[in-house]
Amino acid sequence: MVSGRGSRFSTPLRATVRYRGRAKRFTSLAFGLVLLLVCLGCSPTIIVKGDPAVTVFAASSLTDAFKEMGAEFERTHTGTKVTFSFASSSILSTQIEEGAPADVFASADADTMRAVVESGRADEPHSFATNALVVVVPRNSTVVQTFSDLAKPGVKLVLAGKDVPAGKYARLMLANASGGQGIGPDFSTRVLANVRSEESNVRAVLTKVQLGEADAGIVYRTDVQAAKGEVGAITIPGELNVAATYPITVTKEGKQNVRARTFVEYVLSKPGQEILARHGFGGAP
Amino acid sequence: MGVGVLVLAFAVFFILPFAGLITRAIEGDRATWDLATSSVARDALALSVWTSTVTVMLAVVFGTPVAYVLARTNFPGRSLCDALIDLPIVLPPTVAGVALLTAFGRRGLIGEPIEAWTGFTFGFRTLAVIMAQTLVAAPFYVRAARAGFSAVDPQFERVAYTLGASRFRAFFRVLAPQARSAMLAGVVLCWARAMGELGATLIFAGSLQGSTQTMPLAILGAFEGSNGLTGAVALSLVLLGVALLALWLFRVVAQRAGSEG
């Protein structure tokens, strides 16, 4: 249809004029689009200022407990919206250091938290929960039956990466098991030789075991509860286990947000602590 | 003038991220260099290069006949086959990873019987990386080759048949040379996609230095690591360099192929 009209005005001059007109229209359309995008880019901040929302960055192991915490908080603090971003604490800390808009940061270990605090991105943290490690195996699997079976050759073991808190704790625990009261001096070396994959967060370790891809994985005690009977758990001897302490803080961003502090207070309060306990966490130390 | 502004805006948007990467690398100084030459980077790069090469070879060997059949024959359900091959292009690679697990995982459709008979498992092996890359990247080659074959007038092959050429000979002497640039473009697309594969590999193959940790997985790992962004920047730069080199090589090959044809 366009070409049909074009043939009617077929003098070169007309063609140029027509082209110019079309190009102009196209350009203004493009500028309009850019303007729209700019507006879209701005609007969330405008909404946040008027809207009572809290953005919480939390370690993956907190996923289920904090989702419940958020729902309860929204119920008791009417009109407040809580949004979560769950990932490994190390990813979250890098994102916060790069300026991600988090109001609250809950980490699975003190080192990761310290890095964020030292960079001036967050307030002094409070410890709000503790956790311990456990060995998980697929349901009905008989490859790994005791803790020392982890060192058997051929076991497909999955851990969290070296820099992920769960992975750090697991390696610390294995080092304990190679020490004085442990299983044997080369236990850690033999277990680490069985590692087939280093996952980016503790929940990915759990999934690999749930699927039966791995024969065993090392996760937090609370993750077993989250897997709802799809995995078996093998306890790690108490004297070898590592106590993971979870710190929480309000970030620099969150200081302007009154509700960020209220959320942290809620996590530390009795109702908050009860939710954590229901999900298998130990109380604040 | 208006068009110039649009072109400029587009160019700025594409150049800025790379400028950021290079600026960070220079700021990182010694740390960047150490990380870019670490064993993690070396192992990941070697693994990425050889798995993506195997993937491209598999795509060419198995994909060319598929592309030929789709372009030159007509059978019931051909358009369905066409759509099926395009599917991995449209779906996110994470879906491919999950799908591979349900088929080849230890509890998968054929993964389970295979382990029961032979004790062999697919997960956590370099083979799994290649499978993930092939599922995600090979369709790009098939698509390009198919389009290339379709664009060639079938009369040329008919003439070859009347001169006594077999189907096989007509393909290699008549069709393939004319579709060469399309096939090459398919190879580049397929290789690039395989090189960048992350989601399917992470889900199906896992991540371990030396056996399944390809460059994108190593970059993700570095991002999580104690070096944070510096580590990720260093590894990204290595990959950027390799990609530029490869693209330049492909260009040279394509030009030579073009001047011969």
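The values are calculated or read from the model by the stated rules, or taken from the named source; none is laboratory data. This structure is a prediction, so every number in the text was calculated from the model and none was measured. No Cβ is skipped: glycine too gets one built from the backbone with ideal geometry, and neighbour counts run over all protein chains shown. Surface accessibility is based on the protein's heavy atoms, side chains included, excluding ligands, DNA and RNA. Shrake-Rupley method; radii C 1.70, N 1.55, O 1.52, S 1.80 Å.
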Residues of region B:210-232 satisfying the condition of being at pLDDT 90 or above and not small (Gly, Ala, Ser): B:THR212, B:GLN213, B:THR214, B:MET215, B:PRO216, B:LEU217, B:ILE219
Let me spell it out: the conditions are (1) open to solvent by 40 Å² or more (accessible area, probe 1.4 Å); (2) within 14 Å of another protein chain (Cβ to nearest Cβ); (3) closer than 15 Å to B:THR51 by Cα; (4) not basic (Lys, Arg), and B:ALA192 meets all of them except one. Which number is the exception? (2)
Among B:LEU101, B:LEU135, the single one that is under 25 Å from the mean Cα position of the chain (by Cα), within 11 Å of chain A (Cβ to nearest Cβ) and in contact (Cβ under 8 Å) with a residue 24 or more places away in the chain is B:LEU101
Restricted to region A:150-172 and to residues being in a helix (DSSP H, G or I), open to solvent by 30 Å² or more (accessible area, probe 1.4 Å) and touching a helix residue (DSSP H, G or I) at 6+ places or on another chain (Cβ under 9 Å), the residue nearest to the other protein chains (Cβ to nearest Cβ) is A:LYS168
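Looking at this structure, is B:VAL233 more than 29 Å from A:LEU157 (Cβ to Cβ), in contact with a Leu (Cβ under 7 Å, 6 or more places away or on another chain) and within 12 Å of another protein chain (Cβ to nearest Cβ)?
yes
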List the helices (runs of 4 or more DSSP H) inside region A:173-255, counting only whole elements, that have at least 2 residues being within 14 Å of chain B (Cβ to nearest Cβ). A:187-193, A:202-210
One residue from B:LEU84, B:LEU16, B:LEU80, B:LEU47 being open to solvent by 70 Å² or more (accessible area, probe 1.4 Å), under 30 Å from B:LEU244 (Cβ atoms) and modelled with pLDDT of 90 or more: B:LEU16
Those residues that are assigned to a strand (DSSP E or B) and more than 25 Å from B:THR230 (Cα to Cα), I need them from region A:72-121; list them, please. A:LYS81, A:VAL82, A:THR83, A:PHE84
Criterion first (away from every other protein chain (no Cβ under 12 Å), open to solvent by 20 Å² or more (accessible area, probe 1.4 Å) and among the aromatic types (Phe, Trp, Tyr)) does B:PHE168 satisfy it? yes
Within region A:179-199, count every residue that is open to solvent by 30 Å² or more (accessible area, probe 1.4 Å) and either farther than 19 Å from A:VAL137 by Cα or not basic (Lys, Arg) (or both). 10
Just the residues that are of a type in the set (A, V, I, L, M, F, W, C) and crowded, with 22+ Cβ neighbours inside 10 Å, please, taken from region A:135-149. A:VAL135, A:VAL136, A:VAL137, A:VAL144
Which pairs do you get when a residue that is free of Cβ contacts under 8 Å to residues at least 60 places away in the same chain, found in region B:160-175, comes within reach of a residue that is open to solvent by 100 Å² or more (accessible area, probe 1.4 Å) and of a type in the set (Phe, Trp, Tyr), reach meaning Cβ atoms under 6 angstrom, with the pair 6+ apart or on two chains? B:VAL174/B:PHE156
Among the residues of region A:224-264, how many are open to solvent by 80 Å² or more (accessible area, probe 1.4 Å), free of Cβ contacts under 8 Å to residues at least 40 places away in the same chain and outside the structural domain of A:PRO101 (by TED's automatic domain parsing)? 1
Read through the list (1) within 14 Å of chain A (Cβ to nearest Cβ); (2) in contact with a Gly (Cβ under 9 Å, 6 or more places away or on another chain), then give the number of the only condition that B:GLU115 fails. (2)
Identify the residue in region B:1-50 that is aromatic (Phe, Trp, Tyr) and either outside any helix (DSSP H, G or I) or away from chain A (no Cβ under 14 Å) (or both) and, among all such residues, is nearest to B:LEU208 (Cα to Cα). B:TRP50
Within the group A:ALA175, A:ALA115, A:ALA129, which residue is open to solvent by less than 20 Å² (accessible area, probe 1.4 Å) and either at pLDDT 90 or above or not β-branched (Val, Ile, Thr) (or both)? A:ALA129
Restricting to region B:202-229, name every residue that is more than 10 Å from chain A (Cβ to nearest Cβ) and part of a helix (DSSP H, G or I). B:MET215, B:PRO216, B:ALA218, B:ILE219
State yes or no: is A:GLY182 over 19 Å from the mean Cα position of the chain (by Cα) and on the phi > 0 side of the Ramachandran plot? no
Among the residues of region A:94-110, what is the count of those that are open to solvent by 10 Å² or more (accessible area, probe 1.4 Å), within 14 Å of A:THR249 (Cβ to Cβ) and either facing chain B (nearest Cβ under 10 Å) or within 15 Å of the chain's Cα centre (by Cα) (or both)? 2
Out of all the residues in region A:122-143, is one or more hydrophobic (A, V, I, L, M, F, W, C) and part of a helix (DSSP H, G or I)? no
Checking the structure you have, find out if any residue of region B:52-61 is in contact with a Pro (Cβ under 8 Å, 6 or more places away or on another chain), modelled with pLDDT of 90 or more and part of a helix (DSSP H, G or I). no
For B:SER181, are the conditions met, namely being under 30 Å from A:GLY212 (Cβ atoms) and either open to solvent by 20 Å² or more (accessible area, probe 1.4 Å) or in contact (Cβ under 8 Å) with a residue 60 or more places away in the chain (or both)? no
